[in-house]
There are 2 protein chains.
Amino acid sequence: MRAAEIDEEFPVVGIDSPALEAARLLVEHSLPGIVILTTDGQLYAVLPASQVVGFVVPSYIQDDPLLASVIAESVADRAAEKLGGKTIRELVPQHQLTMPVANADDTIIEVAAIMVRLRSPLVAVMKQDKLHGVITASRLLAVTLSCGLIDNRQLLRTVGTRRLSELYS
Amino acid sequence: MRAAEIDEEFPVVGIDSPALEAARLLVEHSLPGIVILTTDGQLYAVLPASQVVGFVVPSYIQDDPLLASVIAESVADRAAEKLGGKTIRELVPQHQLTMPVANADDTIIEVAAIMVRLRSPLVAVMKQDKLHGVITASRLLAVTLSCGLIDNRQLLRTVGTRRLSELYS
């Protein structure tokens, strides 16, 4: 299987959308991250949910995490106010240098290796410089497990009742 | 609000469970990651989904991602076979050095800072050395947005129809 065969449609947000909208999209659809497009439809960034959380953390705290402990609870509770009126472009000012992106004809292992290396729960799949779809970690595991299970069943027919663990040890 | 007030129950897996079981748990419940406990119930690791994907990527490929491109499609499709019979302990051999863990009385900003810094979509909340619950990125954003929205509504009553973006610029 190739990336373009297992990727899925995924909601995208424009770079000039309110950051609040992106955060809400993620929460309402329980997405593992967000895909951000430029005004002309090019891929701008693929942000894991953990980095979207960064939208509500002041940058001086991201740079020095110990500072987080001196923020009063009442102030911390109002973290989302930081999002008020801000666009995604203001919060993600630079094009990502290492974007979790795969090619349409990459194998499952190539996609998996990108996820692991970039610690990204989603990978954008590109076909002829356009976004073809997204593969989430959950989707990738589901596909590999079902492949594995089919193979295991075929194998079981061959090997009878021997424990599979013996075969793979 | 403090971490222990917003954390939630979360499925856990034992360190000697089959790795396949952990991967299936993640897929079936669309979890952002897994929480692994030792045999005596201590926290052993908190793995984001992107790192659970690492279970199906041979370690020599994780060390040298370019190798992924030379794995044949037919072999890549059988990646899950690597899990056959393996336990989590075999695949996550060492106690995590930097575990995404918060204290029960940490503020939202402290939890958020841990998520951002460790790129983890879930943080384990500890109370008196025991796992009290888990806060996911989605949960944290939902809580901060609802706090923010309440504040914004209160603010709107005060400031009338002025754009919120003017207030936070």
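The values are calculated or read from the model by the stated rules, or taken from the named source; none is laboratory data. The structure displayed is predicted, hence computed values, not measured ones. Note: ideal-geometry Cβ built from the backbone for every residue, glycine included; neighbour counts use all protein chains shown. The protein model used for the area step is the full one, side chains on, heavy atoms only, and it has no ligands, DNA or RNA in it. Shrake-Rupley method; radii C 1.70, N 1.55, O 1.52, S 1.80 Å.
If you take the accessible area of A alone, add that of B alone, and subtract the area of the pair, what total do you get in Å², probe 1.4 Å, to the nearest 100?
The contact between B and A buries close to 5300 Å².
Can you find, among B:Val27, B:Val57, B:Val143, the residue farthest towards the positive end of the dipole of chain B? Put +1 on the C-beta of Lys and Arg, -1 on that of Asp and Glu.
Positive-end residue among those listed: B:Val143.
Given H placed on each backbone N at 1.01 Å, which residues far from A:His132 in sequence or on other chains put an amide H within less than 5 Å of it?
Distant-sequence amide H within range of A:His132: A:Val125, A:Met126, A:Lys127.
Taking Cα centroids, how far is the stretch B:46-110 from the stretch A:32-71 in Å?
The stretch B:46-110 and the stretch A:32-71 have Cα centres separated by 23 Å.
Excluding B:Val134 itself, what net charge comes from residues whose Cβ is under 11 Å from its Cβ, given Lys and Arg +1 and Asp and Glu -1?
Working: positive: B:Arg139; negative: B:Asp7, B:Glu8, B:Glu9.
Every neighbour counted, the sum reads -2.
Estimate the FRET efficiency between B:Glu28 and A:Lys130 by the formula 1/(1 + (r/R0)^6), using the beta-carbon distance for r and 56 Å for R0, to the nearest 0.05.
0.95
With a 1.4 Å probe and all protein chains left in place, how much accessible area per residue does the protein assembly as shown have, in Å²? Don't jump to the answer; show the numbers that get you there.
Details: 16070 Å² over 338 residues.
Accessible area per residue: 48 Å².
To test your reading of the geometry: what angle, between 0 and 90 degrees and rounded to tens, separates the Cα axis of helix A:137-159 from the longest principal axis of chain A?
That helix lies at roughly 10 degrees to the long axis.
Within the accessible area of the stretch A:9-50, what % is carbon and sulfur when the probe is 1.4 Å and the other protein chains stay in place?
For the stretch A:9-50, the apolar C and S fraction of the accessible surface comes to 51 percent.
HN-Hα J couplings of the stretch A:110-115 from phi, Karplus 6.51/-1.76/1.60, θ = phi - 60°, integer Hz, Gly and Pro as x?
Values, residue by residue: 5, 5, 4, 5, 5, 4 Hz.
Pairs of alpha-carbon atoms within less than 8 angstrom and 6+ residues apart define the contacts here; what relative contact order does the stretch A:1-70 have, in percent?
Answer for the stretch A:1-70 is 23 percent.
Within 10 Å of each Cβ in A:84-91, how many Cβ atoms from other chains are there, averaged over the peptide?
3
Which aspartates and glutamates have a Cα less than 14 Å from the Cα of B:Lys127, not counting those fewer than 8 places away in the same chain?
Straight-line reach from B:Lys127, under 14 Å: B:Glu5, B:Asp7, B:Glu8, B:Glu9, B:Asp105, B:Asp106.
If we count trypsin sites (Lys or Arg not before Pro) as exposed when they sit in a DSSP loop and have at most 14 other beta carbons within 10 Å, what is the longest stretch of chain A that avoids them all?
A:1-161
Hey, what did chain B get for relative contact order, percent, Cα under 8 Å, at least 6 apart?
On the way: 224 pairs, mean separation 46.7, N = 169.
Worked out over chain B, it gives 28 percent.
Could you work out how far helix A:19-28 tilts from the main Cα principal axis of chain A, as a 0 to 90 degree angle to the nearest 10?
Tilt relative to chain A: about 40 degrees.
If you put +1 on each Lys and Arg Cβ and -1 on each Asp and Glu Cβ, how big is the dipole of the stretch B:34-92 around its Cα centre, in Debye rounded to 20? Walk me through the numbers on the way to the answer.
Working: 4 positive and 7 negative charges, 29 e Å.
Charge dipole of the stretch B:34-92: 140 debye, to the nearest 20.
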